[in-house]
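What follows is a set of notes on a single structure, which appears directly below.
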Amino acid sequence: MAKVILHGPDYSTNVRTARLCLNEKKVDYELKSVAIFRGEGRTPEHLRLHPFGGVPVLEHDDFVLYETIAISHYVDDAFKGTKLQPTDKKAAARMRQIISILDAHAHQ
């Protein structure tokens, strides 16, 4: 299996969420730091990975994915190990509701 690369600064809460998922699934990955506050998110190289200049970005084989929630779901579905998301439909819906609330109202 190709190595997974996660782009972003280690202090980012969104990058930490992606790292937590990767660690829980015991996925071997490389963290490539992106100094967002020094403009590295706006370089042509990074904008090819994330058109909005954000983090995290996950690379796996020739697949590139950005946005924390998408990365978290992908890691859970693509790699073996304990499921990170509920399999019960109502519990999964509640999980998504809580994530949406946090993203919209608590992140700042």
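When you scan segment 74-94, how many residues do you find that are among the hydrophobic types (A, V, I, L, M, F, W, C) and either in contact (Cβ under 8 Å) with a residue 60 or more places away in the chain or within 16 Å of ALA18 (Cα to Cα) (or both)?
Qualifying residue count for the region: 4.
If I filter segment 3-23 down to residues being over 13 Å from HIS50 (Cβ atoms) and hydroxyl-bearing (Ser, Thr, Tyr), which single residue comes out as nearest to the chain's Cα centre (by Cα)?
Applying the filter and picking the extreme gives THR17.
Could you grab the pairs with beta carbons closer than 6 Å, sequence gap of 6+ or different chains, first residue in segment 25-49 and in contact (Cβ under 8 Å) with a residue 40 or more places away in the chain, second one open to solvent by 40 Å² or more (accessible area, probe 1.4 Å)?
Listed by first residue and then by second, the contacts come to LYS25/GLY81; LYS26/GLY81; LEU49/VAL64.
Does ASP76 fit the bill of being open to solvent by 40 Å² or more (accessible area, probe 1.4 Å) and at negative phi?
It is false that ASP76 is open to solvent by 40 Å² or more (accessible area, probe 1.4 Å) and at negative phi.
Of the residues in segment 37-52, how many are part of a loop (DSSP other than H, G, I, E, B) and out of contact with any Gly (no Cβ under 8 Å at 6 or more places or on another chain)?
4
Return a yes/no flag: does segment 46-64 have any residue that is modelled with pLDDT under 95, touching a helix residue (DSSP H, G or I) at 6+ places or on another chain (Cβ under 9 Å) and open to solvent by 20 Å² or more (accessible area, probe 1.4 Å).
For segment 46-64, residues modelled with pLDDT under 95, touching a helix residue (DSSP H, G or I) at 6+ places or on another chain (Cβ under 9 Å) and open to solvent by 20 Å² or more (accessible area, probe 1.4 Å): absent.
Only one residue in VAL27, VAL34, VAL55, VAL64 is closer than 12 Å to LEU6 by Cα, of a type in the set (A, V, I, L, M), in contact with an Asp or Glu (Cβ under 6 Å, 6 or more places away or on another chain) and not in a helix (DSSP H, G or I), so which one is that?
Exactly one residue qualifies, and that residue is VAL34.
The values are calculated or read from the model by the stated rules, or taken from the named source; none is laboratory data. Because the structure is a prediction, the values reported are computed rather than measured. Ideal geometry is used to build each Cβ from the backbone, glycine not excepted, and the neighbour counts take in all protein chains shown. Remember, those area values only see protein heavy atoms, side chains included, never the ligands or the DNA or RNA. Shrake-Rupley method; radii C 1.70, N 1.55, O 1.52, S 1.80 Å.
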